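Report on one structure; see the data block that follows.
The values are calculated or read from the model by the stated rules, or taken from the named source; none is laboratory data. This is a predicted model, so every value here is computed, not measured. Reconstructed Cβ throughout: ideal geometry from the backbone, glycine too, with neighbour counts over all protein chains shown.
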Amino acid sequence: MLLDGDEWAARFETFEDEAWRLEVLPEYRVREEAEDVEAFLAGDRIDPYTYSDDYTEDLKRVRREGKTKGRVHVVSRPLTDYLRYEFMYYRPHVWAGEDIRILDVTDRPNPLEGVQDFWMFDRSEVVLMHYGPDGTQIGREVFEGDVTRFLRYQRIALAESVPFEEYVKGLDL
């Protein structure tokens, strides 16, 4: 089943316990972010101490409701411009309640080599995220089948990663 629009958005409103994502790409091309990425590359930065948007407000709602939202992003250095842009937003997202972790595979084998991006809701539903070679999203698909391997991917990702705040200490972003 392909997901889009309200049906996709509803997943983030109706999960009962946990929404979790694995990100494996060094760059995502999101039309809505294009101007912000350009501004970032031109030197514009947000103030993480005062930044707030619909996403951070939703993270606070999720936390108030006793739910969790998290992700692990697999990266290697040097970080792409897109990752540096994305990391700028990760700090206020962490402060708003998202558990963001980084799995750096620069100097070691990737324990999740070949695994594609996915979202997992309540450890029972997996949505595969499909991207083109340039990082443009081309679709979302509900995985039909046993989610055991995705639970294993999540365990590996969590065990092999570090919290975002720990990862960025000492990095010149």
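For the reader, a short list of remarks on this structure follows.
- Residues that are within 29 Å of Phe143 (Cβ to Cβ) and aromatic (Phe, Trp, Tyr) do occur in segment 23-42.
- Enumeration of residues in segment 44-70 that are assigned to a helix (DSSP H, G or I) and basic (Lys, Arg): Lys60, Arg61, Arg63, Arg64
- Exactly one residue out of Ala42, Ala96 is hydrophobic (A, V, I, L, M, F, W, C), over 18 Å from Tyr153 (Cα atoms), modelled with pLDDT of 95 or more and loosely packed, with under 13 Cβ neighbours inside 10 Å: that is Ala42.
- Flag if Val30 is touching a residue at least 40 places away in the same chain (Cβ under 8 Å), touching a Leu at 6+ places or on another chain (Cβ under 6 Å) and either within 24 Å of Asp172 (Cα to Cα) or surrounded by fewer than 17 Cβ atoms within 10 Å (Cβ to Cβ) (or both): no
- Residues considered: Pro92, Pro109. Of these, the only one that is over 14 Å from the mean Cα position of the chain (by Cα) and either basic (Lys, Arg) or not in a strand (DSSP E or B) (or both) is Pro109.
- Taking every residue in segment 44-63 that is hydrophobic (A, V, I, L, M, F, W, C) and pairing it with any residue that is outside any helix (DSSP H, G or I), at least 6 positions away or on another chain, the pairs with Cβ-Cβ distances below 6 Å are Leu59/Gly97; Leu59/Glu98; Val62/Lys69.
- Scan of segment 71-89 for residues that are part of a helix (DSSP H, G or I), out of contact with any Gly (no Cβ under 9 Å at 6 or more places or on another chain) and among the hydroxyl-bearing types (Ser, Thr, Tyr), ordered by number: Tyr85, Tyr89
- Phe150 being of a type in the set (Phe, Trp, Tyr), out of contact with any Asp or Glu (no Cβ under 8 Å at 6 or more places or on another chain), in contact (Cβ under 8 Å) with a residue 40 or more places away in the chain and surrounded by 13 or more Cβ atoms within 10 Å (Cβ to Cβ): no
- Checking Arg155, Arg149, Arg123 one by one, the residue that is assigned to a loop (DSSP other than H, G, I, E, B) and not aliphatic (A, V, I, L, M) is Arg123 and no other.
- Flag for Asp36 being in contact (Cβ under 8 Å) with a residue 40 or more places away in the chain, under 19 Å from Gly135 (Cα atoms) and charged (D, E, K, R): yes
- Test result for Glu16, touching a residue at least 60 places away in the same chain (Cβ under 8 Å), in contact with a Gly (Cβ under 7 Å, 6 or more places away or on another chain) and not in a helix (DSSP H, G or I): no
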